[in-house]
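One structure is given here, and the rest of the page talks about it.
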Amino acid sequence: MLEINNLHVSIAGKKIIDGLSLTVADGEVAAIMGPNGSGKSTLSYVIAGRADYEVTEGSIRLDGVDLLDKTPSERAALGLFLVFQYPLEIPGVATMTFLKAALAAQRKARDEAELSTPDFMKRVRAAASKLNIPQDMLKRPVNLGFSGGEKKRMEILQMALLEPKFAILDEMDSGLDIDALRVCAEGVNALRSKDRGLLVITHYQRLLDYIAPDSVHVMSKGRIVKSGGPDLALELEKSGYADYVDEAA
């Protein structure tokens, strides 16, 4: 369970998150929607532990463990995973080397034995096949020269291999065409579990057509201004965010 209570966050002296509270239960898919500049991506970065954001008040807990005093790697070891809106290219680092190191680190943190090379290769190939990731992509440096859709599929591949306790999808649909969106969403849906929470951050209903949420939360000016069920996303698609921006003022 992810529990955020009265969170206040600033960057360079400017407040971005203003008293936000949110709980996402195990097995729940929660969606956060809101206009540009509402603080959605900032929230994902703060949960993951990005250093240049200052938390001035509040708490973030994963299964009762305070995340704010943990490094990003410690948060990952606890089972937190972030699908980036714009995944970085890492020249000089082979994709398979990167995946093997990440999986080995996670298994070590869970007191699990490292996979043998044949077992690792088998697992990667099976997951890659489901995401339409060709073998030649796995032989290239991490994300180097990949299209937007290829980068997102590689993010979901990492998620499938690491099997996180809680995953945040920060505008996963950004830059994806319909086919790539469908493939990535199918990969996410395959990982839905009663033991795994998901936080889906998006502007648009179209992603939620593929990844159906249990709850929808509207974020404006750094806080949650309305919560509801899946119908709330449909309402936003029709009427936009204007009413909620005014409410947050």
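Coordinate-derived values only; no laboratory data. Fair warning: this is a prediction, and the values are worked out from it, not measured in the lab. Backbone-built Cβ (ideal geometry, glycine too); neighbour counts: all protein chains shown.
Classify the stretch 1-107 as rounded, prolate or oblate, taking a ≥ b ≥ c as the square roots of the eigenvalues of its Cα gyration tensor: rounded when a/c is under 1.5, otherwise prolate if a/b is larger than b/c and oblate if not.
Prolate shape, in that a/c is at least 1.5 and a/b is the bigger ratio.
Using Cα-Cα distances under 8 Å and only pairs 6 or more residues apart, what relative contact order does the stretch 2-248 have, in percent?
Rounded, it is 29 percent for the stretch 2-248.
Test of the criteria: in the stretch 1-109, which GluC sites (Glu not before Pro) are in a DSSP loop and have at most 15 other Cβ atoms within 10 angstrom of their Cβ?
E89
Which whole number of Å³ per residue matches the convex hull of the alpha-carbon atoms in the stretch 96-202?
Convex hull volume per residue, Cα atoms: 102 Å³.
Compare L176, L207, L157 in a GNM of the chain, Cα atoms joined below 10 Å, and give the one with the largest fluctuation.
Answer for the Gaussian network model of the chain: L176.
If you project the alpha carbons of the chain onto their three principal axes, what span does each projection cover, largest first, in Å?
56, 39, 35
Got a sec? How would H217, H203 order by Cβ neighbour count within 10 Å, fewest to most?
So the residues, fewest neighbours to most, are H203, H217.
Placing +1 at every Lys and Arg Cβ and -1 at every Asp and Glu Cβ, with all other atoms neutral, what dipole size does the stretch 1-108 have around its Cα centre, in debye to the nearest 20?
Once rounded to the nearest 20, the dipole reads 340 debye.
When Lys and Arg each count +1 and Asp and Glu each count -1, what net charge do the other residues less than 12 Å away from Q205, Cβ to Cβ, add up to?
-3
Of all DSSP beta bridges located in the stretch 2-248, what percent are antiparallel, nearest 5?
That works out to approximately 60 percent antiparallel.
Quick one: order I156, I133, I178 by neighbouring beta-carbon count within 10 Å, fewest to most.
Least to most surrounded, the residues fall as I178, I133, I156.
Taking 35 Å as R0, compute the FRET efficiency from the Cβ-Cβ separation of M1 and T117 and round it to 0.05.
Rounded to the nearest 0.05, the efficiency is 0.45.
Just to be sure I understand the model, the point goes 7 Å from the Cα along the line to the Cβ. What's the resulting V55 to A242 distance in nm?
3.7 nm
What is the fewest-to-most order of T56, T202 by other Cβ atoms lying within 10 Å of their Cβ?
T56, T202
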